[in-house]
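What follows is a single structure, written as structure tokens, with notes after it.
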Amino acid sequence: MQFQHLIEINDALNPLVEPLTREQLWRGLVMRAESPTLFVPWLDECTLEKREGEVLKRSLRYDALLIHDQVTFSPQSSVRYDVPAQADIPQSSLVMRIEEPQPGALFVRFEYAVAQSDDDMDAFYNEFRRSAYQESDIDTIRVIRQLAAEGRTNLPI
């Protein structure tokens, strides 16, 4: 399954939405990778295993489920999550890409790819997955806005 969607960050027509700078948005996306428990309340623990340059290897624990993944940073541009196939989890990836078609007009494109079988159950659940991914991504931006309002996205990386 492949799925992508776009979330507008700065809406010039809505004065109620505090605009974010590209730096604040970038810092928020990095924080989601480095401190995911701020963004995913049902995540019990995240261990940062190893960092080499722009690559971070992590272990995520959800109750008894342990997932290993790798995060690759392209500074000020994108964050890529790669999950190799493990236990009952298929191989998957997520790319969060900052887009700025005009100065200050920020968007984040979320691109998902999940390996799956061709059976009818996978097809049936794909719409649920898409909806869950989109809600999670909306929450990610909400948390980034909250962190920015608290001044936490202004700290150096």
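The values are calculated or read from the model by the stated rules, or taken from the named source; none is laboratory data. What you are looking at is a predicted structure, and each value in this text was computed from that prediction instead of being measured. In this analysis, Cβ positions are derived from the backbone assuming ideal geometry, glycine residues included, and neighbour counts consider all displayed protein chains. Just the protein is used for accessible areas: all its heavy atoms, side chains included, with ligands, DNA and RNA removed. Shrake-Rupley method; radii C 1.70, N 1.55, O 1.52, S 1.80 Å.
Kindly provide the set of residues from segment 61-76 that are in contact (Cβ under 8 Å) with a residue 12 or more places away in the chain, in a strand (DSSP E or B) and farther than 22 Å from residue 23 by Cβ, ordered by number. 61, 62, 65, 67, 68, 69, 70 - these are the residues of segment 61-76 that are in contact (Cβ under 8 Å) with a residue 12 or more places away in the chain, in a strand (DSSP E or B) and farther than 22 Å from residue 23 by Cβ. Would segment 77-93 turn up any residue that is of a type outside the set (Val, Ile, Thr), closer than 28 Å to residue 150 by Cα, free of Cβ contacts under 8 Å to residues at least 60 places away in the same chain and open to solvent by 60 Å² or more (accessible area, probe 1.4 Å)? For segment 77-93, residues of a type outside the set (Val, Ile, Thr), closer than 28 Å to residue 150 by Cα, free of Cβ contacts under 8 Å to residues at least 60 places away in the same chain and open to solvent by 60 Å² or more (accessible area, probe 1.4 Å): present. Among the residues of segment 38-47, those that are at pLDDT 95 or above, over 16 Å from residue 153 (Cβ atoms) and either open to solvent by 50 Å² or more (accessible area, probe 1.4 Å) or not aliphatic (A, V, I, L, M) (or both) comprise 44, 45, 46, 47.
Might you let me know whether segment 148-155 holds any residue that is modelled with pLDDT of 90 or more, part of a helix (DSSP H, G or I) and open to solvent by less than 70 Å² (accessible area, probe 1.4 Å)? Yes, there is a match, as at least one residue in segment 148-155 is modelled with pLDDT of 90 or more, part of a helix (DSSP H, G or I) and open to solvent by less than 70 Å² (accessible area, probe 1.4 Å).
Please find, within segment 61-76, the residue that is farthest from residue 92 (Cα to Cα) out of those that are aliphatic (A, V, I, L, M) and surrounded by 13 or more Cβ atoms within 10 Å (Cβ to Cβ).
Within segment 61-76, the first condition is being aliphatic (A, V, I, L, M), and the residues that meet it are 64-67, 71.
Filter once more, keeping what is surrounded by 13 or more Cβ atoms within 10 Å (Cβ to Cβ): 66-67, 71.
Values: 66: 15, 67: 12, 71: 12 Å.
Going through the qualifying residues, I end up with 66.
Of all residues in segment 115-137, those satisfying the criterion of being surrounded by 13 or more Cβ atoms within 10 Å (Cβ to Cβ) and either modelled with pLDDT of 90 or more or under 14 Å from the mean Cα position of the chain (by Cα) (or both) are 130, 133, 134, 136, 137.
If you check residue 144 against the conditions, is it in a helix (DSSP H, G or I), within 20 Å of residue 28 (Cβ to Cβ), open to solvent by less than 60 Å² (accessible area, probe 1.4 Å) and aliphatic (A, V, I, L, M)? Yes; evaluated as a whole, the condition is true for this residue. Only one of the listed residues (32, 58, 27) is in a strand (DSSP E or B) and of a type outside the set (A, V, I, L, M, F, W, C). That residue is 58. Among the residues of segment 4-25, is there at least one that is over 19 Å from residue 138 (Cβ atoms), in contact with a strand residue (DSSP E or B) (Cβ under 8 Å, 6 or more places away or on another chain) and open to solvent by less than 20 Å² (accessible area, probe 1.4 Å)? No, segment 4-25 contains no residue that is over 19 Å from residue 138 (Cβ atoms), in contact with a strand residue (DSSP E or B) (Cβ under 8 Å, 6 or more places away or on another chain) and open to solvent by less than 20 Å² (accessible area, probe 1.4 Å). Being in contact with a Lys or Arg (Cβ under 7 Å, 6 or more places away or on another chain) and not in a loop (DSSP other than H, G, I, E, B) is a property that residue 109 has.
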